[in-house]
Amino acid sequence: KQEVTQIPAALSVPEGENLVLNCSFTDSAIYNLQWFRQDPGKGLTSLLLIQSSQREQTSGRLNASLDKSSGRSTLYIAASQPGDSATYLCAVGSPGANNLFFGTGTRLTVIP
Amino acid sequence: DAGITQSPRHKVTETGTPVTLRCHQTENHRYMYWYRQDPGHGLRLIHYSYGVKDTDKGEVSDGYSVSRSKTEDFLLTLESATSSQTSVYFCAISDRGLAGVRELFFGEGSRLTVL
């Protein structure tokens with residue numbers, strides 16, 4: 001079974017700082033990896049989707065990279081803003097399992 | 001925002017009572033999913049549907065049943081609620097199965113407390 005880990009569980013940074021969130025997974029045979037954002041009391045919003053054949057995806061200030069061989073993905077947030085404060089989750093789609101395996105998330109706080 | 005509505009958004013019930021959560025979508029997506037989110041576990045798939053009357057079990061399906069009689073509605077039923085089913089339940093939709101999903105859209109969640 002695919003295991004997805006996100007460390008740290010929580011992170012606080014001052015506004016304007018560039019930061020990296022980490023996601024690791026145990027089985028490198030994946031279809032894709034997605035990063036989601038979750039605001040308190042809300043559902044999840046998809047940020048970036050990386051197919052297994054891709055190395056990275058970018059959207060605005062967000063850049064996600066994927067290294068299947070090492071079982072790792074990173075989400076890079078440039079010039080962080082207080083509005084970026086949320087929990088960020090990664091999820092992996094694996095062959096043979098019609099399921100996404102989610103990490104437990106990193107709770108990000110950007111301090112004005 | 002994707003048109004996904006979950007109801008009720010909050011519910012408190014007692015052990016042993018039946019509970020039904022409803023997910024309604026206006027996107028005409030084929031696939032619908034029910035997840036639960038618990039501290040320390042992330043989101044876990046309960047059941048999913050790949051079409052009207054077509055459903056299958058997910059990772060944590062024991063104690064839950066689902067039905068999909070129309071494309072737009074996916075119901076999650078707890079036949080006899082237990083305290084271990086206290087959780088936040090999320091419905092999600094996609095136009096493809098999870099192996100080839102382009103994007104997964106989530107509802108805002110239903111918080112269930114079983115006393």
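Some points to look at:
- Among the candidates B:E59, B:E108, residue that is in contact with a Gly (Cβ under 6 Å, 6 or more places away or on another chain) and closer than 23 Å to A:W35 by Cα: B:E108
- Among the numbered conditions (1) farther than 25 Å from A:L48 by Cα; (2) more than 13 Å from chain A (Cβ to nearest Cβ); (3) open to solvent by 20 Å² or more (accessible area, probe 1.4 Å), the only one that B:R9 does not meet is (2).
- Residues in the range B:71-85 that are modelled with pLDDT of 95 or more and open to solvent by 50 Å² or more (accessible area, probe 1.4 Å): B:E72, B:L75, B:S80, B:T82, B:S83, B:S84.
Yes or no, residue by residue, for (1) surrounded by 12 or more Cβ atoms within 10 Å (Cβ to Cβ); (2) more than 15 Å from A:Y88 (Cα to Cα); (3) of a type outside the set (D, E):
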{"position": "A:K1", "(1), (2), (3)": "no, yes, yes"}
{"position": "A:Q6", "(1), (2), (3)": "yes, no, yes"}
{"position": "A:L11", "(1), (2), (3)": "yes, no, yes"}
{"position": "A:E17", "(1), (2), (3)": "yes, yes, no"}
{"position": "A:F25", "(1), (2), (3)": "yes, yes, yes"}
{"position": "A:S28", "(1), (2), (3)": "yes, yes, yes"}
{"position": "A:P40", "(1), (2), (3)": "no, no, yes"}
{"position": "A:L48", "(1), (2), (3)": "yes, no, yes"}
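- Odd one out for A:S69 among (1) touching a Ser or Thr at 6+ places or on another chain (Cβ under 9 Å); (2) more than 17 Å from B:Q37 (Cβ to Cβ); (3) within 13 Å of chain B (Cβ to nearest Cβ); (4) modelled with pLDDT under 95: (3)
- Summed over the range B:48-70, the residues that are away from every other protein chain (no Cβ under 13 Å), under 18 Å from B:V19 (Cβ atoms) and either assigned to a loop (DSSP other than H, G, I, E, B) or open to solvent by 70 Å² or more (accessible area, probe 1.4 Å) (or both) give a count of 3.
- Among the residues making up the range A:73-91, those that are under 10 Å from the mean Cα position of the chain (by Cα) and under 25 Å from B:L45 (Cα atoms) are A:S73, A:T74, A:L75, A:T87, A:Y88, A:L89, A:C90, A:A91.
- For the range A:12-31, the criterion of a residue being within 12 Å of another protein chain (Cβ to nearest Cβ) and touching a helix residue (DSSP H, G or I) at 6+ places or on another chain (Cβ under 8 Å) is satisfied by at least one position.
- B:L45 at pLDDT below 95, assigned to a strand (DSSP E or B) and under 30 Å from A:Q2 (Cα atoms): yes
- For the condition of a type in the set (S, T, N, Q) and within 13 Å of chain B (Cβ to nearest Cβ), A:Q2 qualifies.
- Of the residues making up the range A:65-79, those that are open to solvent by less than 30 Å² (accessible area, probe 1.4 Å), assigned to a strand (DSSP E or B) and farther than 21 Å from A:P95 by Cα are A:L75, A:I77.
- Within this structure, A:G96 passes the test of being modelled with pLDDT under 95, surrounded by fewer than 13 Cβ atoms within 10 Å (Cβ to Cβ) and farther than 12 Å from A:N32 by Cα.
- Scanning the range B:24-39 for any residue that is more than 16 Å from B:A92 (Cβ to Cβ), in contact with a Ser or Thr (Cβ under 7 Å, 6 or more places away or on another chain), surrounded by 14 or more Cβ atoms within 10 Å (Cβ to Cβ) and of a type outside the set (D, E) turns up nothing.
The values are calculated or read from the model by the stated rules, or taken from the named source; none is laboratory data. Just so it is clear, the model here is predicted, and its values are computed rather than measured. No Cβ is skipped: glycine too gets one built from the backbone with ideal geometry, and neighbour counts run over all protein chains shown. Please note that ligands, DNA and RNA were not included when accessible areas were found on the heavy atoms of the full protein model with its side chains. Shrake-Rupley method; radii C 1.70, N 1.55, O 1.52, S 1.80 Å.
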